[in-house]
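Reviewing the structure listed below.
Read-outs throughout are calculated quantities, based only on the coordinates presented, and are distinct from any laboratory measurement. Here the structure is a predicted model, which means the values were calculated and not measured. All Cβ positions, glycine included, derive from the backbone under ideal geometry; neighbour counts span all protein chains shown.
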Amino acid sequence: MVFTLFLLVTSLCIIIQPSSAFQLRSSATIPNINKDALHNFLATPTHWPQIVLSSHSVKCPSFATNRIDAPLKVGDYVEEIFGLPPILPLSVVWKCVISDIDNGRLEFYSQEGVAGFANQCIMKFDIRQDRSNGCTVDLIMRFEPLNPIVPLGIPLLSVDNNLALNVLLPRVISMRSY
């Protein structure tokens, strides 16, 4: 019986073994902010826990010398702690690889990703001034799953991203003056 259960679980893991990257997209229009201000807000890691439900906190990794309470520049690092600390503390060390305020591009990359869950992680923002007094922002998250349970969390991550852009980000922006 135990051997049969082992074979069943092993077979299932082989069948649903992750083999390709996942990509999630979210978009929103954020009123009452210009493109440069929104870029700087999103490039400042200390703002992330204010707008992302799953983001618990951020800190500067021990090997980095940059600040996390100011917009990150290309080459800067931040460690994001998320999940359910202290029960399930997950983290990812992001490196800023693109910060092009003029063209509204902001991109973070983590080759190692989240240990045991995902690697080759990308978080990319495209920000455009809209015709009103606001901006449109597109978020693309991409990662390669490392175990077969990761795809089960995709719907939660998608909801988290959409809440961040469409509900929490506009609310936090509305409480500030830009």
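Based on the convex hull around the alpha carbon atoms, the chain presents an average projected area of 11.7 nm². With a ≥ b ≥ c the root eigenvalues of the C-alpha gyration tensor of the stretch 74-178, is it rounded (a/c under 1.5), prolate (a/b larger than b/c) or oblate? Prolate. Between Val172 and Thr65, the modelled labels are 2.8 nm apart [label points 7 Å from Cα along Cα→Cβ].
In the stretch 88-150, the ratio of gyration radius to Kirkwood radius, Rg to Rh, stands at 1.11 when only Cα atoms are counted. Near Ile127, once Lys and Arg are set to +1 and Asp and Glu to -1 for all other residues with Cβ below 12 Å from its Cβ, the sum equals -3. For a straight C-alpha distance cut-off of 16 angstrom, the lysines reachable from Lys124 (same-chain residues fewer than eight places away being disregarded) are Lys35, Lys73, Lys95. In percent, rounded to a whole number, the relative contact order of the stretch 59-178 is 13, using alpha-carbon pairs under 8 Å and six or more apart.
Spacing of the modelled spin labels on Asn103 and Val74, each 7 Å from Cα toward Cβ, amounts to 1.0 nm.
Measuring max minus min along each principal axis, the C-alpha atoms of the stretch 52-124 give extents of 41, 25, 23 Å (largest first). Angle between the Cα long axis of helix 154-163 and the longest principal axis of the chain, 0 to 90 degrees, nearest 10? Tilt relative to the chain: about 10 degrees. On a C-alpha basis, how far is the centre of the stretch 47-88 from the centre of the stretch 91-165 in Å? Whole number, if you could? For the stretch 47-88 versus the stretch 91-165, the Cα centre distance is 13 Å.
Roughly speaking, what is the stretch gain from Asp130 to Asn34, that is 0.36 nm per residue apart minus the C-alpha to C-alpha distance, in nm to one decimal?
Gain on stretching Asp130 to Asn34: 33.7 nm.
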